[in-house]
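Below is one structure; the comments refer to it alone.
The values are calculated or read from the model by the stated rules, or taken from the named source; none is laboratory data. Everything quoted here is computed from the prediction, not taken from an experiment. Cβ coordinates were reconstructed from backbone atoms using ideal geometry, including for glycine residues, and neighbour counts include every protein chain displayed. Heavy atoms of the whole protein, side chains included, go into the accessibility calculation; ligands, DNA and RNA do not. Shrake-Rupley method; radii C 1.70, N 1.55, O 1.52, S 1.80 Å.
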Amino acid sequence: MYIQLSFVAADLAALRFRFTRRELATLASLKVNVSHRIACANTIRTLVQRAVTMPPKRGESVELTTEYEDFMEKLSDYHDKRGTVLEREPKVGVRRVDLSKLYKRVVEEGGYDLCSDTKAKPLMWRRFAEEFVGKNPYTAAQAFQIKNVYYKNLCAYEISTHWEKEPPPKEILEEVTAKGGNVMGRTLENYVKPPTKEEMNLGGEKEGSDASPEQKTTPKVEKSDEVDDPGSAAGRTTRGLRQQPPQRQLFAPGTARETRGTAAASPTPGGTSNTNGSGTYTSLPNGSSSAAASSTLASYEPSQSYPLSLKPVITPANNPDHYRQQLKRKAETAMGPLAKKYKNIMLPGTGFIGPNIYVRAQLALQSGIEEEEQYALHHLVKISHERGDKYRFDQFPGLAEALIKKCLCVSTLFYDVDWDLSYDYSTMDADDETLDGLRGTPDVVRKLRNMIPHVTDDGMADPAFTSQLNRVLEAGLILRNMALQPENAKYLVSIPTTRDYLAIVLNLPQHPGIIELQHYALETAEQILVWCDLGPRDALYQALITQLYSEDRVAITIALRTIARIAMNLPGPKRLDDVPAEVLRKIQRWLLLEDEELRGAGLDFLFQFTSSADNVAILLRPLEEPEALTRQLSRLLLSGAKEVPRKDGQPSRKDEEEDDRTLHPIPRLSKSVIHLLLQIEEPERSSEWLRMLFAPSPVSEMTQISLWQAYQATFAPFNNERRAHLVAGEFIKNVSLTFGGATAQVSGGGKYVIRGIRARGMVIEGGLLKDGKKGAKLGKCRWMVGGMVRPGEMMAERETECGEWFRRDGSLEEHIMTEHLGLPRLPVARVKAEDVVDSMEIDSTLPTSRPSSAMALGSAHASRVGTPVATKPTGFDYAAADQTLYRCRWAGSCHRTTLDFDNDGLVSRTTLFARHVRTHLPDPETEESKHNLTAEEAKKVVRGDKIVLQSLVDEKNDAAGVALSAALVMRNLAKFMPVSLSTTPAMPVEAGHGDLATKVPLNDVKAAKDVDGGLMAKVFDEEVIERLMWAMTHCKPMHSYVGNILRAITRGGEGG
């Protein structure tokens, strides 16, 4: 049988605020079997108990029922009559306490005194705190707060209403602390307020007593009427107040010391007990009590004070983020439902800061509004100047086109025209105001000159004219700044209208307001035309040529540089055509000016112009005196050079001391010299090696390990039983024996060093070598060889000198020809006298006084192991070597190749190249001794100073500046010098200028050379040759360039 328990929900309707909706629905729909009635009852009882005992939720207020309101009205009237203050809804933690329910619960448990009894009902107030507040980490502290709420508001009401007794006065109830119990037995006579800490210290009571606050403040009813002595054992077992301890007396010398038991057993004289059990003492006859009290007061020290752990007060100054978050939370709380719905959605016109300044400026410029254009151009000028290296046109499409369009507006200031850019083939030729935006406009200058000009030479400019001109100037300046970056220059080249803009600006009428704009246009053209080729009929090319007729020095200089750089970065040669003769004459006159910038621009133009063979004749033909040009160029070879005196005499003592301090690397000997040393036995061998490579120096030192490693590297490959070398200890001792001032020491850094020797800068013989001479100098191979170095983690190739030292007997030359150049050799049977002897003269005679060289080995040459052996003469096959290109790499300063040597096929190129290599090598001792002077002759020689000229050089120590440009122009003139000016096609000559060259038949080249010595002899006369030789002799940076000029002069021009 099943029954419906719907009555459960009805009976619990008063407790519905304690249940959730799901629990009420479960109770209303619960169907149980009669046999399960007990289980249902238990379940309902559990739910009811949980509903009754469950604390209210956080922040939930007290339920205002009729019963609660009646109780609070009675309680309020009671407090008004008693004269106390009622707290209607006291708060403990985060909960509001219902005084009506708290009163009922305490009364059910037996009242305030019973709940406060820790033995009868221990931890009862803690249970109340868990019931009314909820269990949490602060329940222990909240238990006393619950007790205090009841004590202040309900304790007197309980005594009057429930127990129907007279409550204690408010002076000993509501106005004192809630500590202790037994409130109903508290009266004004038996209640003593608890003393303060100061009073307790003065009275001798311990601050940390074990007695509870209830035992100190609240008296309890004694079980017997007997009065116990304060010091008796029975007194200690009572539940009353603790007896006052005896006054402590200070120890006085001469008095007997009493034991603790004796002191406790003897009562204090005159001591009596009052009603509450506290003992009082009378003063002793001799005043010992007052003396003890005075001593206690004199020795009183206050308790140690500890610093308070304070938290800083949050203010807008020290924590502004707190207030920002607080305002944000308030704003979110005040948001309406629509605002909350679109909280994270950016609505139109809200929350968007807009584009950056780059996009803003571009859009403002494209708008065409005057104020917007001023704003845009102002910022773009600053951006292009400060961030020109990172501001690129390809990142902002349309910006370059907008700037060019703005610059084209300058035409409207001087002509009645408003240019229209067309990108449609059908409308490009509609009228003269249309420009081709796809391919550029070839006849843009013609269209400009067909327009009606405005009157602009009256000196008056209205505000509109000035404002428009200023905006155009700013646009031109932006293009100029942006074009300085190569990527932007390439981008401008790809826009066809760029050249139209430049051509229009350079062809505007003369006006002081556009001079600055024309300079911007020229500088822009200088940067972009290196990536673009112009034909002789191009409007921009003709505009640049026109600038050379102006009187503006800046415009002339920039125009010359721009024309010289046309198509510079494009592959293939570039020829400048249709340059008027008057311009060429102007350039010659500009070279006479003391203006280095104008000279440099003119020489750059001439170098590019003379790069074509036909242009050399075109250049020389209009000149009245062609030799005047080369004379001026020869003077410029030493432009900017400074004289540096150098003494050729013996080095002074100061120079020798400085040389002693110079750190040289330890020299490396060649195999041929090492084999000569191996013929000497140890320890003389190591001593000879040390004397050759090292010199005594009292201020120098070197580590023992580096010296030993150098010795090992020299002789270790040849170490065997017959040629055993010294061990490390014997070698170090031999160093001190070889150099008397050398000693082995330990440096300050803990390194083992040899002090008193240094590595030589020049290796000399010590006199023990076979066929050697003491003090003879060895020659160093300075041929540059490639080597791999490891800078960091990357492998790189770096050229270094070979660095081996040879005797001056031809072995160094043999080493270069064989090891570095790898010249092929002739078979022994084919060796002839011409191949054996290398004479600087072109003949086949065998000089007897000249020693054999490496190119023509004599009766002895270095074998594979370096030991001189007798053999038949061998030589090199120079004819076969002509099939290979050889380059001189001596000391890294010479770069000549076999192609630089030609003698009309009379001698092999490689033979002449080998003679050139020999010029770098030191002379043999036999040749050098011929020119040595005796002591008497040396005294008669007057030593002078040799003047050395140092011209401008770049970071690679190569020639630079005007001197280099002049040398390159002279090289082109000598290389492409025609036989006669009349042998080249005639060019149009302006009126008043005839052909000054000598007329000879076109097919008679020999006759042309015989006329006054030929054109080459006329242009490069003796004065020019003398200056060339002077520059080559005294100015080392110009040596190779002047040499190329002289070789071209020798070949006779015409590209020979």
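Could you name every one of the strands (runs of 3 or more DSSP E) located completely within the stretch 728-803 that has at least 1 residues being modelled with pLDDT under 85 and either among the hydrophobic types (A, V, I, L, M, F, W, C) or surrounded by 13 or more Cβ atoms within 10 Å (Cβ to Cβ) (or both)? Show your work before the answer.
On the way: elements: 743-746, 752-759, 784-789, 796-801.
Ranges flagged: 784-789, 796-801.
Being touching a residue at least 40 places away in the same chain (Cβ under 8 Å) and under 42 Å from the mean Cα position of the chain (by Cα) is the filter here; which residues of the stretch 516-546 pass it?
GLU516, LEU517, TYR520, ALA521, LEU522, GLU523, THR524, GLN527, ILE528, VAL530, TRP531, ASP533
Quick one: in the stretch 682-720, of everything that is of a type in the set (A, V, I, L, M) and open to solvent by 50 Å² or more (accessible area, probe 1.4 Å), which residue is modelled with the lowest pLDDT?
VAL699
Can you report the number of residues in the stretch 145-166 which are farther than 29 Å from ARG95 by Cα and in contact with a helix residue (DSSP H, G or I) (Cβ under 8 Å, 6 or more places away or on another chain)?
Qualifying residue count for the region: 2.
With respect to ILE314, is the statement that it is in a loop (DSSP other than H, G, I, E, B), open to solvent by 90 Å² or more (accessible area, probe 1.4 Å) and either farther than 30 Å from LEU502 by Cβ or of a type in the set (A, V, I, L, M, F, W, C) (or both) true?
No.
Hey, any hits in the stretch 997-1011 for a residue that's at pLDDT 85 or above and under 30 Å from GLU624 (Cα atoms)?
No, that holds for no residue.
Residues VAL472, VAL493: which one is in contact with a helix residue (DSSP H, G or I) (Cβ under 8 Å, 6 or more places away or on another chain), touching a residue at least 60 places away in the same chain (Cβ under 8 Å) and hydrophobic (A, V, I, L, M, F, W, C)?
Of VAL472, VAL493, the one residue that is in contact with a helix residue (DSSP H, G or I) (Cβ under 8 Å, 6 or more places away or on another chain), touching a residue at least 60 places away in the same chain (Cβ under 8 Å) and hydrophobic (A, V, I, L, M, F, W, C) is VAL472.
Please tell me if TYR157 is surrounded by 19 or more Cβ atoms within 10 Å (Cβ to Cβ) and either under 20 Å from VAL183 (Cα atoms) or in contact (Cβ under 8 Å) with a residue 40 or more places away in the chain (or both). Steps first, please.
Details: surrounded by 19 or more Cβ atoms within 10 Å (Cβ to Cβ): yes; either under 20 Å from VAL183 (Cα atoms) or in contact (Cβ under 8 Å) with a residue 40 or more places away in the chain (or both): yes.
Yes, satisfied.
Which residues, taken from the stretch 503-528, are open to solvent by less than 50 Å² (accessible area, probe 1.4 Å) and among the aliphatic types (A, V, I, L, M)?
Selection gives ALA503, ILE504, VAL505, LEU506, LEU508, ILE514, LEU517, ALA521, LEU522, ALA525, ILE528.
If I filter the stretch 448-470 for residues that are among the charged types (D, E, K, R), surrounded by 15 or more Cβ atoms within 10 Å (Cβ to Cβ) and either more than 43 Å from the chain's Cα centre (by Cα) or part of a helix (DSSP H, G or I) (or both), do I get at least one hit?
no
Given the stretch 62-149, what helices (runs of 4 or more DSSP H) lie entirely inside it while holding 1 or more residues that are touching a His at 6+ places or on another chain (Cβ under 9 Å), open to solvent by 10 Å² or more (accessible area, probe 1.4 Å) and within 23 Å of PRO168 (Cα to Cα)?
Here the list reads 99-108.
Taking the condition open to solvent by 30 Å² or more (accessible area, probe 1.4 Å) and farther than 17 Å from TRP805 by Cβ, does ARG723 pass?
yes
Which one of GLN468, GLN485, GLN518, GLN527 is more than 22 Å from ILE545 (Cα to Cα) and in contact with a Leu (Cβ under 9 Å, 6 or more places away or on another chain)?
Exactly one residue qualifies, and that residue is GLN468.
Filter the stretch 903-958 down to residues that are at pLDDT below 80, surrounded by 13 or more Cβ atoms within 10 Å (Cβ to Cβ) and in a loop (DSSP other than H, G, I, E, B), then give me how many there are.
2
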